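The values are calculated or read from the model by the stated rules, or taken from the named source; none is laboratory data. This structure is a prediction, so every number in the text was calculated from the model and none was measured. Here Cβ is always computed from backbone atoms with ideal geometry, including for glycine, and neighbour counts include all displayed protein chains. Heads up: the accessible areas ignore ligands, DNA and RNA and are worked out on the full protein's heavy atoms, side chains in. Shrake-Rupley method; radii C 1.70, N 1.55, O 1.52, S 1.80 Å.
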Amino acid sequence: MTARILVVDDTPANLRLLEAKLTAEYFEVLTAADGPSALDMAASNAPDLILLDIMMPGLDGFEVAKRLKSDPSTQHIPIVMVTALTDSADRVRGLEAGADDFISKPVNDVALFARVRSLTRLKVMMDELRIRHMATGRFQMAGKDPYGDDDETITGKVLLVDDTKNMVGQVRGYLTDAGHIVEPATSSAEALERSRSGAFDLLIVALHLQGEDGLRLCSQLRSQEETRHVPILMILDDGDLRHLAKGLDLGVTDYLVRPIDKNELRARTRTQIRRRRYHDRLRNMLESSVSLAYTDTLTGVYNRRYMDDHLARKIEEIAATAKPVSVMIFDLDHFKRINDSYGHACGDRILKGVAERVSTSIRDIDLVARYGGEEFVVIMPSTPADVALTVADRLRNRLAEQPFAVPGQADGLAVTASIGVATTTDPAETVEGLLMRADAALYAAKEAGRNQMRAADEVNSPGTKRRSPETVQSA
Ligand code: GH3
Ligand code: MG
Ligand code: MG
């Protein structure tokens, strides 16, 4: 994988050195000799990573990082501070300005490449999500920039894996004081077991687990489904670069060196949890935009297109299962009056309430969809006619027994529905034919005075008309 890296340093010799190292590893390298030109290049050249010197005349590295992270067009670019400073307060300041990591001068090759690869890999993944997300057109609609940080005091749940009691206590104290929830694990087995709950935002692994290989644990955490995307913060001894490089190759997201500095630990923990949240947010947005294709936006239940496909599959399955498939169509009674008397928004509110009440009244294998307007369909696989009728009547009753809460109406509004039910045992039955029979039964229920249900004929009569009472039999 090739990545474009922007190197920023006011000392020409440093620039040339980093440029040479990176070019030799086939990275594409851009250079900037001061803060303002770094900002320009970041905005116009879309680098995948920025290596940023801290001490520069004029605009220093802290300020450049801060500006890059507050500009929506550059805030997703990872920043690595390249610094001669070893003072922990400066590192913390860098992290707070938005840096993702540090490399000390003189720059060590292993640390440099491991870090560059780890961060560019992460960025490629996030870019992919962002592009797919933008392609769905929901990016603006969601009204929220997934890169935006609206929570400065971000806290999360951390699994701390280490067997040295002292350090556990210390790290735990540092993090709980900052508002995080920390659960300890003292062996690899315990870590794997506990992390399977999927409840953690960050895994901290101290490498010197007695008699165990901390790196192997990291690799197991990476391949385990529940922790695949959870960041891992590795704690290692100063100078242990061999393990560092290996850990980063295995997918460890960040690292800390002993002795642990309180502020650095907190800052890196926060950065990792933030990154995790941001990744989750993108994924959720992606999932909800995908589901947009098959759900009804007002009520959140399935839409008609999805219902049609689903019903076709269920009818086909009869050939294998020999079990009947039933459908019900229900239509709210005199719904126009509700709109006319209380307004369309109130009507919408009731449609949502109806969908919710129906969704919680049916079995997991049943499916509810909005058929159109104030009409809904429930598909019930493996359900004979008599059972379907029982379900329909229960549903009718659940709608009628309790008014729907709407703003401005203290007692809520009473709503009833009329329901038509049809059943088939024939795998050659068509979706259209089955729905038409249910619809005809619905019409009969309306004719009979509403707030009731009717079953359709067992046989699909040819020439059945939509809501034609002749083809309907009373239940
Ligand atoms: P009945 O079914 O009992 O014969 O009477 P109705 O008044 O419900 O029947 P009709 O089918 O004539 O009217 C359906 C009304 O449902 C028309 C429309 O005002 C309302 N409606 C359809 N879709 C929506 C919607 O998305 N939101 C709201 N608020 N109302 C809707
Ligand atoms: Mg109606
Ligand atoms: Mg209607």
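Whether any residue in the range 359-368 is part of a strand (DSSP E or B) and within 15 Å of ligand 2 (Cβ to nearest atom) is what I want to check.
Checked the range 359-368: no residue is part of a strand (DSSP E or B) and within 15 Å of ligand 2 (Cβ to nearest atom).
Working only within the range 347-368, note down all residues that are of a type outside the set (Ser, Thr, Tyr), within 18 Å of Ala388 (Cα to Cα) and open to solvent by 40 Å² or more (accessible area, probe 1.4 Å).
Scanning the range 347-368 gives Arg363, Asp364, Ile365.
Which residue, of Asp87, Asp40, is of a type outside the set (S, T, N, Q), outside the structural domain of Leu282 (by TED's automatic domain parsing), at pLDDT 95 or above and exposed (fewer than 13 other Cβ atoms within 10 Å of the Cβ)?
Unique residue meeting the criteria: Asp40.
Quick check, is Asp109 modelled with pLDDT of 65 or more and exposed (fewer than 14 other Cβ atoms within 10 Å of the Cβ)?
Yes; evaluated as a whole, the condition is true for this residue.
Looking at this structure, is Arg274 touching a Leu at 6+ places or on another chain (Cβ under 8 Å), surrounded by fewer than 22 Cβ atoms within 10 Å (Cβ to Cβ), not in a strand (DSSP E or B) and not hydroxyl-bearing (Ser, Thr, Tyr)?
Criteria not met by Arg274.
From the set of residues in the range 320-334 that are more than 7 Å from ligand 1 (Cβ to nearest atom) and at pLDDT 95 or above, which is surrounded by the fewest Cβ atoms within 10 Å (Cβ to Cβ)?
Of everything passing the filter in the range 320-334, Pro324 is surrounded by the fewest Cβ atoms within 10 Å (Cβ to Cβ).
If you check every pair at least six apart or on different chains, which have Cβ atoms under 6 Å apart with a residue in the range 358-379 that is charged (D, E, K, R) first and a residue that is open to solvent by less than 40 Å² (accessible area, probe 1.4 Å) and within 16 Å of ligand 1 (Cβ to nearest atom) second?
Arg370/Asp296; Arg370/Thr299; Arg370/Val301; Arg370/Phe376; Glu374/Leu332; Glu374/Phe335; Glu375/Asp331
Which members of the range 284-310 meet the condition of being surrounded by 13 or more Cβ atoms within 10 Å (Cβ to Cβ), among the polar types (S, T, N, Q) and within 16 Å of ligand 1 (Cβ to nearest atom)?
Thr295, Thr299, Asn303
For Thr471, which of the numbered conditions (1) out of contact with any Gly (no Cβ under 8 Å at 6 or more places or on another chain); (2) modelled with pLDDT of 95 or more fails to hold?
(2)
Could you say which residue among Arg281, Arg313, Arg242, Arg337 is open to solvent by 50 Å² or more (accessible area, probe 1.4 Å), away from ligand 1 (no atom under 16 Å from the Cβ), part of a helix (DSSP H, G or I) and in the same structural domain as Ala455 (by TED's automatic domain parsing)?
Going through Arg281, Arg313, Arg242, Arg337 in turn, the sole match is Arg313.
Would you mind finding the one in Gly98, Gly94 that is in contact with a Lys or Arg (Cβ under 8 Å, 6 or more places away or on another chain), open to solvent by less than 40 Å² (accessible area, probe 1.4 Å), modelled with pLDDT of 75 or more and not polar (S, T, N, Q)?
Just one listed residue meets the conditions, Gly98.
Could you tell me which residue of the range 369-396 is farthest from ligand 2 (Cβ to nearest atom), considering only residues that are assigned to a strand (DSSP E or B), on the phi < 0 side of the Ramachandran plot and open to solvent by 10 Å² or more (accessible area, probe 1.4 Å)?
Arg370
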